[in-house]
Amino acid sequence: MTERLSTRAAELDAADPLAHFADAFVRSEGVVSYLDGNSLGRPLRVTRTGLADFVDGAWGERLIRAWDEQWMEAPTELGDRIGRVLLGAAAGQTVVGDSTSVMLYKLASAALAAQPGRDEIVACADDFPTDRFVVEGLAAERGHTVRWLSVDPRTGVRLEQVRAALGERTALVLLSHIAYRSAWVADMPAITAAAHEAGALVLWDLSHSVGALDLALDAAEADLAVGCTYKYLNGGPGAPAFGYVAARLQERLRQPIQGWMGAADPFAMGERYEPATGIRRFISGTPPILGMVPMRDMLDLLESAGIAAVRAKSVALTGFAIEVHDELLAAYGVELASPRDAALRGGHVILDHPDFRAVTARLWERGVIPDFRPPHGLRVGLSPLSTSFAEVLTGLRAVADLLGEVPAAR
Ligand SMILES: *Cc1c(COP(=O)(O)O)cnc(C)c1O
């Protein structure tokens, strides 16, 4: 049985048109299977020289002049590139800066301020903590009520559920496009349309989507979105997030952190804050330029592979992980807690077993690195350009080995 899986992994790797991209990433011998590229993407080898060149060149040689020469425009230039390559967003709507949490706060706050007379926020009770905490804080700040959608952690938010929570008091709907645990994909166009019908704005968190599947924000008539860049965009720890604000909304929205860099003329050192026109008004302070260097390297790779091909490989990788689950892990009582339907599944899968907390700790000691997500989920994140099918099998085989020995660990 495991022989069949080895043959299958080898065949899939041999037929994979994106297989050669795996060599572009830094590998350490101590890691035999990296299954957490959706929490922190591997660095690219070219980033070593990219960072050294940055220190010697733009920073070391150009010094303060680099602000005029390239850095002032970096947040919008990089934003436009993310928009074009990955988001299905026309230029002038995406900006890079802040952390995901801060960007989420800024855009949600701006949306609420633009909805006078509406005092309800619809959000998901099973969303990633930052998303829930930001909503909780904003509701307290403004005296708003949160309509929490309770979803089965094995499924995602459903259109009907959102529809039932919407009303004339709804100001904002804030949801993750792909659930961080189950990988369930929410129906962005339909949910967005339903919210608009009720007069609400929608803010999508794309942290687990961007770089794993093709997005079409403009076509879905999305209002607002944020996303993380150290996951599938390999920007490195703390790389800045991006924010998307549809062009039609920009002049109506005023973000809450009025810093000098988002002002109309930063170097006028003006007396009063006047927001810049367009997407620049969502910048607050000096953007983290350093974290943009590795991200640009990954964007080069994603652009040359093409996001449609990246999604196809992602579907194949998660599909193979499910095959290994069915043939090898199900016998140990492991349950698949992600959708079998590829159209509803993001770039990771989650497997449940009561022993997985103990198993994950032992896997890490063996150089097999998945994530553990309570209550007992082993999350297998498969970054399409850096992960081979053989690597998936190596990791999941180690899970089977440990479950074979484990009973004592419970
Ligand atoms: C990873 C992630 C974040 C990260 O927020 P930071 O401010 O970068 O720590 C936020 N939301 C979701 C849904 C995430 O998956």
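With every protein chain kept in the model, how would you rank 56, 300 by accessible area, 1.4 Å probe, largest at the top?
The ordering from most to least exposed comes out as 56, 300.
Over the range 72-302, what is the percentage of antiparallel beta bridges among all DSSP beta bridges, to the nearest 5?
DSSP beta bridges in the range 72-302 are roughly 35 percent antiparallel.
Please state the charge dipole magnitude for the range 1-121, taken about the Cα centre, from unit charges on C-beta atoms (+1 on K and R, -1 on D and E), reported in debye and rounded to the nearest 20.
Dipole about the Cα centre, nearest 20: 120 debye.
Can you compute the helix-only [θ] at 222 nm over the chain? Use -39500 (n - 2.57) per DSSP H run of at least 4 residues, normalise by all residues, nearest 500 deg cm²/dmol.
-10500 deg cm²/dmol
Find which of 302, 34, 270 sits farthest along the positive direction of the dipole of the chain, computed with +1 on the beta-carbon of Lys and Arg, -1 on that of Asp and Glu, about the Cα centre.
Farthest along the dipole direction, towards plus: 270.
Only four residue types carry charge here, +1 at the Cβ of Lys and Arg and -1 at the Cβ of Asp and Glu. Report the dipole size of the chain about the Cα centre in Debye, rounded to the nearest 20.
460
From the C-alpha coordinates alone, can you work out the Kirkwood hydrodynamic radius of the chain, in Å?
The answer is 22.2 Å.
What does the accessible area of residue 11 come to, in Å² to the nearest 10, when a probe of 1.4 Å is used?
110
Give me the accessible area of residue 168, 1.4 Å probe, in Å² rounded to the nearest 10.
150
What Kirkwood Rh does the range 332-410 have if only Cα atoms enter the pairwise 1/r average? Answer in Å.
About 13.0 Å, per the Kirkwood formula over Cα pairs.
Could you order 251, 335 so the one with the most accessible surface comes first? Probe is 1.4 Å.
Ranked list, largest accessible area first: 251, 335.
List the residues, sorted by chain then number, that are 5 or more residues from residue 180 or on another chain and whose placed amide H is less than 5 Å from its amide H.
Amide H to amide H, under 5 Å and 5 or more residues apart or across chains, residue 180 pairs with 128.
Could you work out what % of the accessible surface of the range 102-171 is carbon and sulfur, using a 1.4 angstrom probe and leaving DNA, RNA and ligands out of the count?
Looking at the range 102-171 in its full context, I get 51 percent from C and S.
Ratio of Rg to Rh for the range 72-302, alpha carbon only, Kirkwood?
On the Cα set of the range 72-302, Rg over Rh gives 0.95.
Considering the chain as a Gaussian network with a 10 Å cut-off on Cα pairs, which listed residue, 33, 304, 176, attains the greatest mean-square fluctuation?
Per the Cα network of the chain with a 10 Å cutoff, 304 tops the list.
Students often get this wrong: which residues of the range 259-295 have the backbone nitrogen under 15 Å from the point 7 angstrom along Cα-to-C-beta of residue 64?
Correct set: 267-269.
Once amide H atoms are placed 1.01 Å from N in the peptide plane, what residues at a sequence separation of 5 or more from residue 147, or on another chain, have their amide H within under 5 Å of its amide H?
For residue 147, whose amide H was placed from the backbone, the distant partners under 5 Å are 121, 122, 123.
Would you mind pulling out the separation of the Cα centroids of the range 340-410 and the range 221-244, in Å?
25
Leaving out ligands and nucleic acids, note down the accessible area per residue over the chain with a 1.4 angstrom probe, in whole Å².
Heavy-atom SASA per residue in the chain reads 40 Å².
The values are calculated or read from the model by the stated rules, or taken from the named source; none is laboratory data. Fair warning: this is a prediction, and the values are worked out from it, not measured in the lab. In this analysis, Cβ positions are derived from the backbone assuming ideal geometry, glycine residues included, and neighbour counts consider all displayed protein chains. Ligands, DNA and RNA are stripped out before the accessible areas are found, and what is left, the full protein with its side chains, is counted by its heavy atoms. Shrake-Rupley method; radii C 1.70, N 1.55, O 1.52, S 1.80 Å.
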